[in-house]
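Trainee: My questions all concern the structure below.
Rule-based calculations on the coordinates, nothing more; no lab input. None of the values given here were measured: they were computed from a predicted structure. Counting neighbours? That spans all protein chains shown, and the Cβs are built from the backbone with ideal geometry, glycine included.
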Amino acid sequence: MAKGLFVTLEGGEGAGKSTLARTLKTALEAEGRSVVLTREPGGTPGAEQIRDLLVRGAADRWSPMTEALLFYAARVDHVEKVIRPAVANGDIVISDRFADSTMAYQGAAGGLSLDRLQELHAIVLGEFKPDLTVLIDIEPETGLSRTAGRDGSEARFESKALAFHERLRAAFRALAEAEPVRFVCLDGDQPPAVLAEQALQAIRERLGHG
Ligand code: TMP
């Protein structure tokens with residue numbers, strides 16, 4: 001059986017994760033791999049219901065701790081029902097966001113301690129982590145200008161102040177620096193095809209045929 005792999009895509013708003021996820025799926029399927037595309041918050045019917053609570057409404061609707069607990073409630077459902085079974089089945093799972101988003105959004109940008117969030121992760125998911133995390137790094141102004149035309153009802157996090165998005169970028173970069181083996185950090189200002197080729201290279205390396 002093919003080796004399963006769990007890949008996550010991370011970055012701020014408008015970084016280009018969803019486009020990259022679709023391009024990776026097409027490219028890997030053309031190589032004969034079975035690919036499961038998923039996203040957080042969401043990925044299961046129950047987690048999608050929790051998503052609606054999180055991404056809609058006023059920016060101050062929830063405190064960072066309430067958000068973190070809701071994200072982890074959705075995440076454990078997603079890991080148990082979709083991610084673990086697919087990886088065990090030999091699939092490549094590509095998730096548009098995962099736990100690093102909680103560390104960056106609710107932690108560094110939202111003000112919760114990274115240590116407490118890591119304890120929460122350990123309680124809920126133990127040692128479970130992605131095999132590879134692709135961080136798309138981009139200037140917040142560039143990313144936010146790309147999201148301007150999107151579904152406004154999901155804009156709870158996008159509507160936060162620019163300073164929040166600056167903290168977010170720094171937080172993602174710090175997470176990548178702290179775990180250089182798991183992360184690959186790509187420049188989101190490059191053409192989508194170049195970004196996809198760099199991400200594919202990292203995936204192939206993790207599959208053992210780089
Ligand atoms: P999306 O816009 O990439 O679909 O993600 C939905 C929003 O949720 C986005 O603004 C980032 C935010 N988010 C967190 O704040 N913490 C998390 O753990 C996750 C997965 C997403």
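Trainee: What number of residues in the stretch 24-48 are closer than 17 Å to R97 by Cβ, among the polar types (S, T, N, Q) and either in contact with a strand residue (DSSP E or B) (Cβ under 8 Å, 6 or more places away or on another chain) or not in a loop (DSSP other than H, G, I, E, B) (or both)?
Mentor: So the answer is 1.
Trainee: Just for the stretch 30-45: of the residues that are away from the ligand (no atom under 15 Å from the Cβ) and under 24 Å from L135 (Cβ atoms), which one is surrounded by the fewest Cβ atoms within 10 Å (Cβ to Cβ)?
Mentor: My answer is E31.
Trainee: Would you be able to tell me the number of residues in the stretch 97-126 that are more than 11 Å from the ligand (Cβ to nearest atom), of a type in the set (D, E, K, R) and under 28 Å from L20 (Cα atoms)?
Mentor: Of the residues in the stretch 97-126, 0 are more than 11 Å from the ligand (Cβ to nearest atom), of a type in the set (D, E, K, R) and under 28 Å from L20 (Cα atoms).
Trainee: Among the residues of the stretch 114-140, write down those that are in contact with a helix residue (DSSP H, G or I) (Cβ under 7 Å, 6 or more places away or on another chain) and not in a helix (DSSP H, G or I).
Mentor: If the condition is that a residue be in contact with a helix residue (DSSP H, G or I) (Cβ under 7 Å, 6 or more places away or on another chain) and not in a helix (DSSP H, G or I), then F128, D131, L132, T133, V134, L135, I136, D137 are the ones that fit.
Trainee: Note down all Cβ pairs under 6 Å where the first residue falls in the stretch 144-158 and is β-branched (V, I, T), the second is near the ligand (Cβ under 8 Å from one of its atoms), and they're at least six residues apart or on different chains.
Mentor: Between residues of the stretch 144-158 that are β-branched (V, I, T) and residues that are near the ligand (Cβ under 8 Å from one of its atoms), the close pairs are T147/E13; T147/E158.
Trainee: Tally time: how many residues in the stretch 108-126 are touching a residue at least 24 places away in the same chain (Cβ under 8 Å) and not aliphatic (A, V, I, L, M)?
Mentor: Residues meeting the conditions: 3.
Trainee: Within the stretch 46-85, can you find the residues that are farther than 15 Å from L117 by Cβ, acidic (D, E) and within 10 Å of the ligand (Cβ to nearest atom)?
Mentor: Answer for the stretch 46-85, where residues must be farther than 15 Å from L117 by Cβ, acidic (D, E) and within 10 Å of the ligand (Cβ to nearest atom): there is none.
Trainee: Given the conditions (1) free of Cβ contacts under 8 Å to residues at least 40 places away in the same chain; (2) more than 20 Å from A73 (Cβ to Cβ), report the number of the one that A27 does not fulfil.
Mentor: With (1) free of Cβ contacts under 8 Å to residues at least 40 places away in the same chain; (2) more than 20 Å from A73 (Cβ to Cβ) applied to A27, the lone miss is (1).
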